[in-house]
1. Across region 364-398, what is the total count of residues that are without any contact (Cβ under 8 Å) to a residue 60 or more places away in the chain and within 25 Å of residue 313 (Cβ to Cβ)?
2. Quick check on my filter: what residues within region 189-225 are under 23 Å from residue 384 (Cβ atoms) and assigned to a loop (DSSP other than H, G, I, E, B)?
3. Can you spot a residue in region 527-543 that is crowded, with 17+ Cβ neighbours inside 10 Å, in contact with a helix residue (DSSP H, G or I) (Cβ under 6 Å, 6 or more places away or on another chain) and not in a helix (DSSP H, G or I)?
4. Among the numbered conditions (1) part of a helix (DSSP H, G or I); (2) farther than 30 Å from residue 433 by Cβ, tell me where residue 125 comes up short.
5. Tally the residues that are surrounded by fewer than 19 Cβ atoms within 10 Å (Cβ to Cβ), at pLDDT 90 or above and either part of a loop (DSSP other than H, G, I, E, B) or touching a helix residue (DSSP H, G or I) at 6+ places or on another chain (Cβ under 6 Å) (or both), restricting the search to region 39-56.
6. The conditions are (1) out of contact with any helix residue (DSSP H, G or I) (no Cβ under 7 Å at 6 or more places or on another chain); (2) surrounded by 20 or more Cβ atoms within 10 Å (Cβ to Cβ), and residue 140 fails exactly one of them. Which is it?
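The values are calculated or read from the model by the stated rules, or taken from the named source; none is laboratory data. If you're wondering where the values come from, they're calculated on a predicted model, not measured in any experiment. In this analysis, Cβ positions are derived from the backbone assuming ideal geometry, glycine residues included, and neighbour counts consider all displayed protein chains.
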């Protein structure tokens, strides 16, 4: 054992002695610029993507971020982070970033383009610091003339990895990207400025990261592992020795800061994952079933790194596992043990320690939401962004070591060189294509949730959103089918009940509508959306007293909800017991959007005001020229007026934009048959 330890130290000494720093050459600069160009090209079609999903709670409809003077308030009140009470959590710097981007947009309301540009710039900066981090690990472990190129390759794999497009596109998840950036900056300061460690300067970016999102506390164990593996030159076989205490003492300030700030964050958060979460809707929030499910989730995440072909914005069709002997538990546990064994073996030699560091990074980064602490989502493909930094380092370095083993043979063979270059080129081409495809999926609510419904067919939330989209198109039969299936999958999810309430109200099935709204309130009494949509429906049906009571309760929960405040104003004006149609007309005048005009167009159609239906759809097209639903509405309204030529013209445009939409084809056929038969 003593000889083995001496041999490890000799390997490390040779590696360090051989380290040299060379200036960047033209080839390196050219490759770096090529990587930058590829990354920009891959994400070029994402900058105008809309707000999606929880963006509405945290950004789009959050009144607090519309004035940067509210920034001090973000550090005092976690309720400013989000309009949905169960999602309110103390992340003041993340809310600050959202407020700054809203201010930069210059329109007084959040503009998606501004957020996407800001997030993408942070993404590129993260790439620079990953380069510095990886280069330090590689040079400390094994001196080689290609190390900086391998560090650049590591950055390329991470920036262009298809799975990371999920986080870059989802504005709400900017917290993952920003906190990851702060962790890597903290580690770079720790790695490169050894003489400044006594001043604890590396803790500053770590603190900022924790105030953005809690997993940044993992900067502490990452610093510990670096000292242990690379500076102390120890393998994991020495983990239970006095050296561990020595290293722990050196990084103790980081652990103390992590625990202190995390405790403050917990204390400042008014609620976490309350009623309405997936676990609540599934009827279980037990820690053990959640823990038993996570090993196979880890396998899924690792598979996404190798083959990111089945990514989903919402993979919530995974049931909790209760049987510890379930084959998924056994396989997942075996996988974790195997990879940790690889990490252990790699730690015994200096040049393979980046593999150890990367594997342990992967598991530590996932630990906050993939362990014994149950989260609303059992699995989420977005969670791997932070973890994939470490896994990328481990995999790229492992492949490079394989290359060095056969480097002489490869250098003598043109065929081998060409094959290697071709393989790397094909890898990046595939991921550039994958990133662009995921950006397209995130390009609209319809494409996003149809993708979710296809990949996660038992996901009640995905089915609900598809039903919601069909409802907006006026396809109430199709919407009811999807929402009914959603209710069967997740019977206790409040938003499904809310949307069923809205749909039944539009179908004039008022008793069923009220039953759904009341059940939604029972399931999630903290959700202001339940109060808003129920009150809106009652208002449209002339039940202003009941509507007013619901509005008051909703505003008590969330005084910042502008839509509830607007209903309150309308109800407080004498004689303002407006119909649903009048309320929608006022809403679109105050906030003219393509979707708002379309909803009004559908309502006009339901009230047999066909010319107004056509006019409202036309207004929608001014804002969204390729809006297929608007053309379809014009077609159906002209059908009702027996204006066949106009109906055919609009119907053809709708079908041209969405050739697979059966509803559009049917309405066009009605117009063509009407003209043919002279009706």
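1. Qualifying residue count, region 364-398: 1.
2. Residue satisfying the conditions is 213 alone.
3. yes
4. So the condition that residue 125 fails would be (2).
5. Summing the residues that are surrounded by fewer than 19 Cβ atoms within 10 Å (Cβ to Cβ), at pLDDT 90 or above and either part of a loop (DSSP other than H, G, I, E, B) or touching a helix residue (DSSP H, G or I) at 6+ places or on another chain (Cβ under 6 Å) (or both) in region 39-56 gives 4.
6. (1)
So that you can scan it fast, the table gives a plain yes or no per residue for (1) over 16 Å from residue 125 (Cα atoms); (2) without any contact (Cβ under 8 Å) to a residue 60 or more places away in the chain; (3) in the same structural domain as residue 266 (by TED's automatic domain parsing):
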| site | (1), (2), (3) |
| --- | --- |
| 175 | no, no, yes |
| 186 | no, yes, yes |
| 196 | yes, yes, yes |
| 204 | yes, yes, yes |
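Listed here are the residues, each with its yes/no results for (1) under 18 Å from residue 565 (Cα atoms); (2) touching a residue at least 12 places away in the same chain (Cβ under 8 Å).
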{"site": "39", "(1), (2)": "no, yes"}
{"site": "43", "(1), (2)": "no, yes"}
{"site": "48", "(1), (2)": "no, yes"}
{"site": "55", "(1), (2)": "no, yes"}
{"site": "69", "(1), (2)": "no, no"}
{"site": "72", "(1), (2)": "no, no"}
{"site": "84", "(1), (2)": "yes, yes"}
{"site": "88", "(1), (2)": "no, yes"}
{"site": "91", "(1), (2)": "no, yes"}
